[in-house]
Structures are given as structure tokens and as C-alpha cells.
Amino acid sequence: MAGSGLQILIAYPFLGAQGEPYAWYPLQGYPPPRPLTIGHWLAGARHWHFAFAWLFTANAAIYGVWLFASGEWRRRLFWPRRDARNAWHTLLHDLRLRREPPAPVGLYNGMQRLTYTLVLLVAPLLVLTGLAIYKPVQLPRLTALLGGYDLARAIHLGVLVALGLFLVVHVIQVALHPRTLADMATGGRAPPEEAP
């Protein structure tokens, strides 16, 4: 989806109302690099993007139902009272500002739960902004709620950048802690935890 979205951006690589670009966006007029794109032209990219969008949305809906129906939300979602201190200590340890590792708290540490929860919170924003820029005439209230077409488009791209940064950090963390790869592949289990 990111590749097809970047190909769509090439059609108009500016953010802001036409003729009034956003001053805060440093890449005005610079199209994304071709190797990062899929679709090779606007219509082709739109076909790919919308095909993946419905698959992504259906998959997210099924996952959301499973997450709450199975009770896994208790283990996976961030609860400040339970996880904030551990998340902070994990961040300091990973940045090499704290020597001692944080105390284990189960299968997921506080920072893992925080980033996981943030990803789950921004995913609906990605879908909503996508709908607003896909059908602004048919969904005028949604588009207006998101600040209009131009701001919805900027938010959509911003969420893509945030998820891209998450992916890069995630891959680096896995490279630094390769034993976690086995847990991700096998669904490693930890003792059940108390709900917050």
C-alpha cells in the first residue's frame, strides 16, 4: 500500500491547497523515488492501492474482533499504570542511557505494548483519511471532520511516515535482539497476566 500510495503522490507531489503549499512540508514538488513505488502510473497505482486497502481494512477488522473476543487485549495493549515505568526504563536502556535492563513484565515489555497500541490507534486514522481523500464529495462530513481534503491528505501521508519509522525501528530492534524473532514466528507464550 505504501508503494502504490507513493506512486499516487507522484501525480501531485505537493501538500496543501493547489497554489498554496504547506510551508512546513520540506519535500514540496519532490516526487518519491521510483524504486519505492508500485503501479508505474496514476491509474495503475490507484488500482493497487484500493485493492490492498480493502484487504487491509478487512484484515484489521477481523484482527480487532479477535483481539477483544480472545482477551488478548489484556496482554498486548498499553495500560499506563502497569506499563509506563517499564516503557520509560526500556527506552532509556535501548538508548544506552541506563545500564540495567528493565524488569521483565511478561511476554511484552511496556515499550512494546505502547508502540503496538499506538499503531492500533493510528490505523483507523489511516483508513478514515483514505476514505476522505478517496471520496470527498460522497463523504463531505468525514472530509470536513478531518480538516478538509488537503489536511486529510497530509495526515494520510504523515501516518504513512510514522508507520514507516515504526517499521524501521522494529526491524532494528529485531536485529539487536534476534531471539525475539523465534517468539514472533512461533507465538512464544508467557504466563498469563492480570488485567489492569
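The values are calculated or read from the model by the stated rules, or taken from the named source; none is laboratory data. None of the values given here were measured: they were computed from a predicted structure. Note that each Cβ is placed from the backbone with ideal geometry, even for glycine, and that neighbours are counted across all protein chains shown. Accessible surface is based on the protein model in full, side chains and every heavy atom, while ligands, DNA and RNA are left aside. Shrake-Rupley method; radii C 1.70, N 1.55, O 1.52, S 1.80 Å.
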| said: Condition first: closer than 26 Å to Arg85 by Cβ, among the aliphatic types (A, V, I, L, M) and in contact (Cβ under 8 Å) with a residue 40 or more places away in the chain. Can you find one or more residues in region 150-168 that meet it? | reply: yes
| message | Restricting to region 134-148, give me the number of residues that are part of a helix (DSSP H, G or I), modelled with pLDDT of 95 or more and open to solvent by 40 Å² or more (accessible area, probe 1.4 Å). | response | 4
| Filtered residues of region 57-83 (kept if free of Cβ contacts under 8 Å to residues at least 60 places away in the same chain, hydrophobic (A, V, I, L, M, F, W, C) and part of a helix (DSSP H, G or I)) | Ala58, Ala61, Ile62, Val65, Trp66, Leu67, Phe68, Ala69, Trp73
| task | Answer yes or no as to whether Arg46 is touching a residue at least 12 places away in the same chain (Cβ under 8 Å), within 27 Å of Val171 (Cα to Cα) and either among the aromatic types (Phe, Trp, Tyr) or not in a loop (DSSP other than H, G, I, E, B) (or both). | result | no
| field | Selection count, region 38-55, where residues are under 18 Å from the mean Cα position of the chain (by Cα) and either surrounded by fewer than 16 Cβ atoms within 10 Å (Cβ to Cβ) or over 25 Å from Pro124 (Cβ atoms) (or both) | value | 3
